[in-house]
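Before any comments, here is the structure.
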Amino acid sequence: MFQELFTPSVQHALDLMGIFVFAISGALLAVRKNFDVFGIAVLAEATALGGGLFRDLVIGAVPPAAFTDLGYFLMPLVAAGLVVFLHPQVERIQTGVNVFDAAGLGLFCVTGTTKAYEYGLGLTSSAVLGLATAVGGGVLRDVLANEVPSLLRWDRDLYAVPAIVGATMVVLFIRFDTLNAVTSGLAVVTAFSLRLLALRYRWRAPRAWNRRSEATEE
Amino acid sequence: MFQELFTPSVQHALDLMGIFVFAISGALLAVRKNFDVFGIAVLAEATALGGGLFRDLVIGAVPPAAFTDLGYFLMPLVAAGLVVFLHPQVERIQTGVNVFDAAGLGLFCVTGTTKAYEYGLGLTSSAVLGLATAVGGGVLRDVLANEVPSLLRWDRDLYAVPAIVGATMVVLFIRFDTLNAVTSGLAVVTAFSLRLLALRYRWRAPRAWNRRSEATEE
Amino acid sequence: MFQELFTPSVQHALDLMGIFVFAISGALLAVRKNFDVFGIAVLAEATALGGGLFRDLVIGAVPPAAFTDLGYFLMPLVAAGLVVFLHPQVERIQTGVNVFDAAGLGLFCVTGTTKAYEYGLGLTSSAVLGLATAVGGGVLRDVLANEVPSLLRWDRDLYAVPAIVGATMVVLFIRFDTLNAVTSGLAVVTAFSLRLLALRYRWRAPRAWNRRSEATEE
């Protein structure tokens with residue numbers, strides 16, 4: 001089914017772009033944490049490939065794509081190398097990184113959902129796994145760096161919602177048999193745009209009821 | 001074999017109850033860590049489903065039950081929703097949570113061991129995987145929240161021992177061909193009771209020899 | 001293919017030795033973190049078996065060796081028991097631990113790479129997975145103990161490079177059809193020696209360009 005959505009080469013190029021931008025975010029965090037070059041490379045790889053690795057283990061697609069496609073492994077090393085030598089500039093272009101990261105989020109939630117459905121999961125489960133694919137790499141990045149995952153923190157701009165919307169659109173398109181290249185692209189663009197708007201207008205999710213008025217543990 | 005232990009509907013109900021109470025513990029920790037509502041939902045899901053997910057990946061039961069049974073996914077969301085709106089009350093009934101969590105521990109160590117054995121693992125390995133199923137969700141919860149897992153800390157009441165006892169009882173029953181609904185229930189109740197006693201009388205496990213007399217790193 | 005490299009009993013003995021020394025390092029960290037005896041046992045198991053478990057899940061070798069070979073499970077318990085009762089002495093012989101840990105690193109990067117190749121991965125992917133096998137247990141150990149993984153930190157002596165060299169030697173031997181007991185042993189000894197030299201002469205990897213002159217986040 002997926003082959004009908006994008007041509008393989010377009011799909012591969014989009015995948016690599018998503019991997020690249022996620023790797024940049026991992027490498028930048030590694031620089032901020034003062035890791036050495038190997039730590040930077042490891043965190044770039046984990047951020048870029050973690051979500052897809054989890055998805056592939058869950059659906060039984062072993063060995064995972066991360067270990068069968070050499071480009072998937074090399075792309076994060078390229079990103080890490082760029083960050084090692086250019087990191088002050090890269091940090092200055094944080095806006096650019098956020099844009100690409102949002103693109104990766106949009107793409108991965110769509111491709112993750114589609115791949116999960118192809119492997120026989122139900123519609124809801126496919127959307128959940130698509131969401132996990134999109135956010136999993138960032139969670140692994142933060143756990144390895146010994147930080148509370150950005151995904152969970154209330155003081156970070158909305159990250160889950162754009163991916164949830166994108167994944168939900170895909171399963172609705174599947175449900176009503178209208179999934180094709182155009183509607184898939186629409187889901188990618190919607191998730192991408194929502195993430196950009198969340199960043200632009202600092203959209204935050206609410207915390208638990210009455211939470212603000214209480215003493216917090218931290 | 002498992003079908004003979006409980007009827008599927010009873011088994012399913014017990015599973016969902018275990019998932020529910022573990023999700024409550026994850027959601028409560030998320031509130032204490034000041035996460036937003038998505039962080040609360042994610043931590044509830046991870047706590048409730050993490051142990052079973054690990055077990056299913058290890059025994060090759062893919063896609064894991066967490067992704068094939070919609071109830072497994074929805075139940076933690078219900079728990080998270082309750083915690084978001086009722087958390088002061090829920091925290092006040094910490095005793096109730098502990099009781100249900102103990103029930104989940106007892107149930108998961110028994111069902112985890114049985115499922116591992118059904119998938120062809122040896123007796124000892126089945127017990128180990130049953131233990132991992134019972135404690136895995138809590139470990140994942142603490143790692144994601146960037147805390148030292150309660151399972152490992154000496155200043156928390158005994159948690160592993162009740163699950164070890166329950167899992168060991170199951171493999172002994174299997175070994176002597178006496179595993180049935182009654183003996184399985186006995187293992188659940190034993191683990192459940194031991195955990196309650198550990199909480200009531202603050203049973204703690206010893207640390208390393210001479211540990212108390214030394215300067216510690218923390 | 002692997003059977004031709006070492007006789008099964010030699011291979012098994014080497015595996016157990018690697019597991020034992022990695023377990024020692026996990027148990028020692030648990031003592032330093034003030035964990036109870038169960039925490040010590042869990043951390044010993046996770047450190048010793050984590051890398052191989054990840055490798056086996058990725059290549060689809062389920063259930064993983066850690067759950068099919070009783071010795072793999074018991075050996076870390078023996079190591080944990082020794083540490084619980086002898087830990088001041090064990091800490092004093094940190095040099096000895098480092099030597100055994102280096103041996104484990106050398107062995108695991110070679111056996112991990114070979115096993116990955118046997119399961120059909122490409123040469124580069126096999127080397128990457130061999131590296132992950134060698135370092136994975138230590139990363140899991142540090143994550144569970146809520147510390148930044150040693151693998152990533154710039155202020156720790158080179159750890160990845162010896163394993164990369166060992167894994168690379170193995171795939172070069174495979175590529176040129178010269179993998180046998182002698183060349184495998186050569187790769188083990190090379191990785192082992194490089195790690196010892198890194199410890200002896202405090203070799204460190206560089207950090208990102210210009211990193212030293214900037215304010216760091218920590």
Given points 7 Å out from each Cα along the Cα-Cβ axis, report the C:LEU197 to B:ARG204 separation in nanometres with one decimal. 4.8
What average count of beta carbons from other chains do you get within 10 Å of the Cβ of residues in B:118-127? 3
Residues whose modelled amide H sits under 5 Å from the amide H of B:ALA205, counting only those 5 or more places away in sequence or on another chain, are B:LEU158
Ignore the peptide's own chain and count Cβ atoms of other chains within 10 Å of each Cβ in A:21-31; give me the average, rounded. 1
Length-normalised contact order of the stretch A:69-211, Cα under 8 Å, at least 6 apart, in percent, tallies to 27
Inter-label distance, nm, simple model (7 Å from Cα along the C-beta direction), B:VAL161/A:PHE85: 6.0
Relative contact order of the stretch A:104-163: what whole-number percent is it, with Cα pairs under 8 angstrom and at least 6 residues apart? 33
Given a 1.4 angstrom probe, what's the average accessible area per residue across chain C, in square angstrom? 41
Equivalent ellipsoid semi-axes - Cα gyration tensor, the protein assembly as shown, angstrom: 34, 33, 26
In a Gaussian network model of chain B with springs linking alpha carbons closer than 10 Å, the residue among B:ALA116, B:ALA205, B:ALA103 that fluctuates most is B:ALA205
Distances from B:MET17 to the same position in the other copies: list them in nm, one decimal, shortest first, using label points 7 Å from Cα along Cα→Cβ. 5.2, 5.2
Would you kindly work out, in nm and rounded to one decimal, the distances from the label point of B:VAL99 to those of the same position in each other copy, ordered shortest first, with label points 7 Å along Cα-to-Cβ? 5.8, 5.8
Kirkwood-based Rg to Rh ratio, the stretch B:2-202, C-alpha trace: 0.96
Calculate one ³J(HN,Hα) per residue across the stretch A:15-30 by plugging θ = phi - 60° into the Karplus curve 6.51 cos²θ - 1.76 cosθ + 1.60, and present them in order as whole Hz with x for glycine and proline. 4, 4, 5, x, 4, 4, 6, 5, 4, 4, 5, x, 5, 5, 4, 4
Can you give me the long-range amide H partners of B:PHE35? Hydrogens built in the peptide plane at 1.01 Å from N, cutoff under 5 Å, separation of 5 or more residues or another chain. none
Nearest-first distances (nm) between copies at C:VAL78, label 7 Å from Cα via Cβ: 4.9, 4.9
For the stretch A:2-204, the accessible surface attributable to carbon and sulfur atoms (probe 1.4 angstrom, ligands and nucleic acids excluded) amounts in percent to 67
Number of partner chain Cβ atoms within 10 Å, mean per residue of A:151-162: 4
Once C and A are treated as a pair rather than alone, how much accessible area drops out, both sides summed, in Å² to 100, probe 1.4 Å? 2700
What Kirkwood hydrodynamic radius, in Å, does the stretch B:27-142 give when the mean of 1/r is taken over all pairs of distinct Cα atoms and then inverted? 14.7
Hypothetical label at A:LEU74: residues of the stretch A:20-39 whose amide nitrogen lies under 15 Å (7 Å Cα-Cβ projection): A:20
Hey, could you get me the Stokes-Einstein D for the stretch A:79-189, Kirkwood radius over alpha-carbon pairs, 25 °C and 0.890 mPa s, rounded to whole µm² s⁻¹? 163
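The values are calculated or read from the model by the stated rules, or taken from the named source; none is laboratory data. None of the values given here were measured: they were computed from a predicted structure. Here the Cβ is made from the backbone with ideal geometry for all residues, glycine too, and neighbour counts use every protein chain on show. Heavy atoms of the whole protein, side chains included, go into the accessibility calculation; ligands, DNA and RNA do not. Shrake-Rupley method; radii C 1.70, N 1.55, O 1.52, S 1.80 Å.
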